[in-house]
Structures are given as structure tokens and as C-alpha cells.
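The values are calculated or read from the model by the stated rules, or taken from the named source; none is laboratory data. Because the structure is a prediction, the values reported are computed rather than measured. Cβ: placed from backbone, ideal geometry, glycine included. Neighbour counts: every protein chain shown.
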Amino acid sequence: MARTVIGVVMNGVTGRMGYRQHLVRSILALRAEGGLPLPDGRTLWPEPILVGRGEDRLRELAERHGLSRWTTSLEEALADPEAQIYFDAQVTPAREKAVRAAIAAGKHIYTEKPSAHSLTGALELAGLARDAGVCNGVVQDKLFLPGLLKLRRLVDGGFFGRILSVRGEFGYWVFEGDWQDAQRPSWNYRGEDGGGVILDMFPHWRYVLDRIVAPVRSVYAHAATHVPRRHDENGRPYRATADDAAYGVFELEGGVVAQINSSWTVRVDRDELVEFQIDGTEGSAVAGLRECRIQHRAATPKAVWNPDLPATEDFRAQWQRVPDNQEFGNAFKAQWELFLTHVATGSPFGWDLLEGAKGVQLAELGLRSWREGRRLDVPELER
């Protein structure tokens with residue numbers, strides 16, 4: 001079977017997400033499987049070229065995984081004739097400049113979200129990629145999670161009848177960094193460095209709502225910096241200037257109302273770190289990262305509110321688990337496989353830079369809604 005090597009410049013792999021999900025669990029996992037089989041009989045072999053700012057860290061990563069190609073110079077990596085794809089997992093403020101350089105070098109683009117720090121920048125990147133004729137995509141990993149794939153299956157099958165509402169809860173307690181190390185980098189809490197939960201999570205909620213339920217038509221958001229003082233990776237105190245919790249209400253096409261809380265200052269009392277509940281006239285479902293439970297109209301018990309008596313029903317036991325019915329792989333790897341196949345064969349890929357710009361648009365409108373204290377329409381972006 002013929003093997004086709006494709007060079008992938010991977011910028012930002014020293015970060016948590018870039019390293020674990022994209023390098024180790026996606027690209028290196030594909031190599032461990034012998035490469036990616038293509039529909040035409042070839043096998044695609046991704047050859048990572050690691051890029052970052054820290055020479056010692058890059059060298060250590062490369063040696064740990066038996067990789068020989070790494071550099072602290074993006075210009076050098078983009079000049080490599082074997083490099084066909086540029087992937088970006090850097091901090092948000094650094095992303096736009098690097099993606100522009102990669103497009104100018106004729107590379108296909110795959111990037112983490114948000115694709116840019118502003119809607120103007122995100123649209124410009126989409127236009128540049130279109131004009132250059134390069135393949136382009138934005139990571140939208142939650143669409144490939146088992147729980148949300150099951151939720152999509154229910155929507156497509158008409159399980160809900162007319163969908164009425166969506167409720168979402170995301171978040172966990174991120175330690176302040178003084179008495180226990182924080183689970184997230186300190187730049188996440190500095191607005192001047194591209195931090196903030198709205199910019200981080202609203203792009204996710206845009207594609208989840210658009211692709212699984214219905215297009216988002218308006219947004220009202222309120223946010224807060226609940227923990228104003230944190231400690232960085234070196235134990236130094238700093239002032240948090242970005243929002244660490246956001247409370248959003250979204251009106252979707254058809255009158256569906258979605259309400260999603262996003263927080264790094266909440267302690268978890270739910271089955272998974274993120275859960276979505278969809279209620280419809282015929283049934284309801286609750287989906288997390290992996291599991292999905294349903295309650296059909298015909299099996300809905302008659303709940304009666306009586307605050308004078310203790311609850312006698314186990315409400316959670318009245319729901320039915322949705323079976324897997326298939327084997328689910330890593331969500332990031334699943335989308336990587338689709339993008340690599342898109343580059344190699346021209347197969348369709350529905351999550352391009354313009355789709356990514358929609359997420360930036362919702363984040364920008366969410367921040368503006370918070371500042372102005374009002375609901376804002378979400379206009380269509382022209383392709």
C-alpha cells in the first residue's frame with residue numbers, strides 16, 4: 001500500500017491542549033496506527049514539525065516521542081518544502097499573525113479556536129485562505145464527542161418533536177494558584193492576553209447550537225470576574241482582568257431558547273464537566289461528554305410540587321440511557337482525520353475558517369452585550 005508523507009507544522013504544542021490532544025492523541029496516535037487510510041487506497045503519514053518559543057521544551061518533547069524535526073523559527077518551518085499543513089494552538093493574540101504568514105506561504109490551515117481575537121481578523125483570515133485556494137479548518141471538537149453525537153442522532157431522528165429549549169452547564173473550580181496549582185494557564189485570566197471565558201467558550205456554544213439544534217439568532221450575556229486575584233505559574237500574584245464566568249441566553253431559529261452557564265468558579269455537582277439538556281414536546285435528553293439519557297413523553301412521570309413532604313421519587317432513575325451503538329474515538333483525532341483526508345483527496349470538510357468566524361462573532365457580541373446590558377441580534381455572515 002502506497003504511503004504518502006504530509007508535513008504538518010504544529011505551532012503551540014508545548015501548551016496543554018496542543019500537546020495532549022493534538023500532538024499525542026491525534027497525530028502521534030495516527031502514526032501509532034500505521035497512518036491514515038485514504039479512500040483511494042493510499043496511507044497518509046503525518047510528519048510533525050514542532051514549533052514553539054522554548055528550545056529546551058521542544059527538544060525534550062521531540063526526544064520523548066522520537067521526533068527529529070523541531071524549531072523555534074516559524075519562518076524556517078514554513079519554508080520547509082515538505083510542510084503542507086500549518087496547525088496553530090498558540091495563545092489567541094499570537095494566532096492571527098502566524099496564520100497569515102502560513103497562508104502567504106501557501107500552506108493549508110488548521111487552527112484551534114478562536115481563529116482570531118476579533119471578528120474582523122477572523123473574516124480576513126477566511127478571505128485570505130479563500131483567495132489563496134488553500135484548505136482551511138477550525139477545531140470544533142465537541143461535535144465529535146460521544147454524548148453530543150448521540151444528541152445529534154436524537155435530533156435527526158425527530159425524537160424531541162418541536163424543540164422548546166436548551167440548558168447547558170459547563171465548568172469547574174480552577175484553583176487560584178496560591179495554595180494549589182491552577183489547572184489552567186494564567187493568561188486565561190488576563191484580558192490583555194486574550195483571556196476570558198466568553199472568548200474561550202462562546203465559540204464552542206456557537207457551533208454546538210448551530211450544528212445540533214438551530215442557528216443562533218440573538219444573544220444576551222452577563223459575565224463576571226468572580227476571583228479578581230490569582231497566582232501565576234511561578235507563584236506570583238496578579239490581577240485577573242478577564243471574565244471567569246459567563247451567563248448567556250441565546251435565541252435560536254424557530255424560537256428555541258438556549259441558556260448556557262460557563263464558569264471556572266463553580267464546583268461540580270453533575271455527572272460530567274459539561275451537560276446539555278434539550279426539552280421538546282415529545283421528549284427530553286441530557287447529554288454530557290460521553291453519556292446521553294432520555295425521557296420520552298409517554299414515559300414522563302407526573303411530578304407534583306409539594307414542599308411540605310420529602311421527595312420520594314428517584315428522578316434520575318426515571319431516565320433511559322442511550323446506547324453507544326458504535327465505537328467512538330478521540331474527538332480531536334476524529335476531526336484531524338477528516339481534515340487530513342480533505343487536504344489529501346479534496347473530500348468535503350464543513351468546519352472552515354468562516355465557520356470559525358461565527359464563533360468569534362458570538363464571543364464578540366457576547367462581550368458587547370455584557371458591556372451594554374442588552375440583547376443583540378446575531379447577523380448572518382456571508383460566505
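Scanning region 339-369 for residues that are among the hydroxyl-bearing types (Ser, Thr, Tyr) and more than 21 Å from GLY194 (Cβ to Cβ) yields THR341, THR345, SER347. Taking first residues from region 73-101 that are under 23 Å from HIS342 (Cβ atoms) and partners that are of a type in the set (Lys, Arg) and buried (at least 17 other Cβ atoms within 10 Å of the Cβ), the Cβ contacts under 7 Å between residues at least 6 apart in sequence or on separate chains come to LEU78/LYS107; ALA83/LYS107; GLN84/LYS107; ILE85/LYS107; TYR86/LYS107; ASP88/ARG95. The conditions of being closer than 18 Å to LEU145 by Cβ and out of contact with any Asp or Glu (no Cβ under 9 Å at 6 or more places or on another chain) are met by ILE278. Residues of region 17-50 that are aromatic (Phe, Trp, Tyr) and either touching a strand residue (DSSP E or B) at 6+ places or on another chain (Cβ under 7 Å) or not assigned by TED's automatic domain parsing to the domain that holds ASP80 (or both): TRP45 alone. No other residue among ALA223, ALA246, ALA240 is touching a residue at least 24 places away in the same chain (Cβ under 8 Å), closer than 13 Å to GLY168 by Cα, assigned by TED's automatic domain parsing to the domain that holds GLY366 and crowded, with 19+ Cβ neighbours inside 10 Å apart from ALA246.
Can you find, within region 319-350, the residue that is surrounded by the fewest Cβ atoms within 10 Å (Cβ to Cβ) among those that are of a type in the set (S, T, N, Q), assigned to a helix (DSSP H, G or I) and within 21 Å of the chain's Cα centre (by Cα)?
Looking only at region 319-350, we keep the residues that are of a type in the set (S, T, N, Q), and these are 320, 325-326, 330, 335, 341, 345, 347.
Cutting the leftovers down to assigned to a helix (DSSP H, G or I) gives us 335, 341, 345.
Now narrow it down to the ones that are within 21 Å of the chain's Cα centre (by Cα): 335, 341.
Values: GLN335: 21, THR341: 18.
By that ranking, first place goes to THR341.
Got at least one residue in region 55-68 being among the small types (Gly, Ala, Ser), under 25 Å from the mean Cα position of the chain (by Cα) and either surrounded by fewer than 21 Cβ atoms within 10 Å (Cβ to Cβ) or assigned to a helix (DSSP H, G or I) (or both)? Lay out the reasoning, then the answer.
Of all residues in region 55-68, those among the small types (Gly, Ala, Ser) come to 62, 66, 68.
In the following step, the residues that additionally are under 25 Å from the mean Cα position of the chain (by Cα) were identified as none.
The answer is no; no qualifying residue exists.
Restricting the first member to region 42-53 and to residues that are crowded, with 23+ Cβ neighbours inside 10 Å and modelled with pLDDT of 95 or more, and the second to residues that are in a strand (DSSP E or B) and polar (S, T, N, Q), the beta-carbon pairs closer than 7 Å and six or more apart or on different chains are VAL51/ASN11; VAL51/THR71. When GLU251, GLU272 are checked against the criterion of being in contact with a strand residue (DSSP E or B) (Cβ under 8 Å, 6 or more places away or on another chain) and either assigned by TED's automatic domain parsing to the domain that holds TRP319 or in a loop (DSSP other than H, G, I, E, B) (or both), a single residue qualifies: GLU251. For the subset of region 319-369 comprising residues that are at pLDDT 95 or above and polar (S, T, N, Q), which member is farthest from CYS135 (Cα to Cα)? For region 319-369, the residue satisfying everything is GLN320.
Scan the strands (runs of 3 or more DSSP E) fully inside region 203-248 and keep the ones with 2 or more residues being among the charged types (D, E, K, R). Spell out the reasoning first.
On the way: elements: 216-224, 229-231, 237-239.
Output list reads 229-231.
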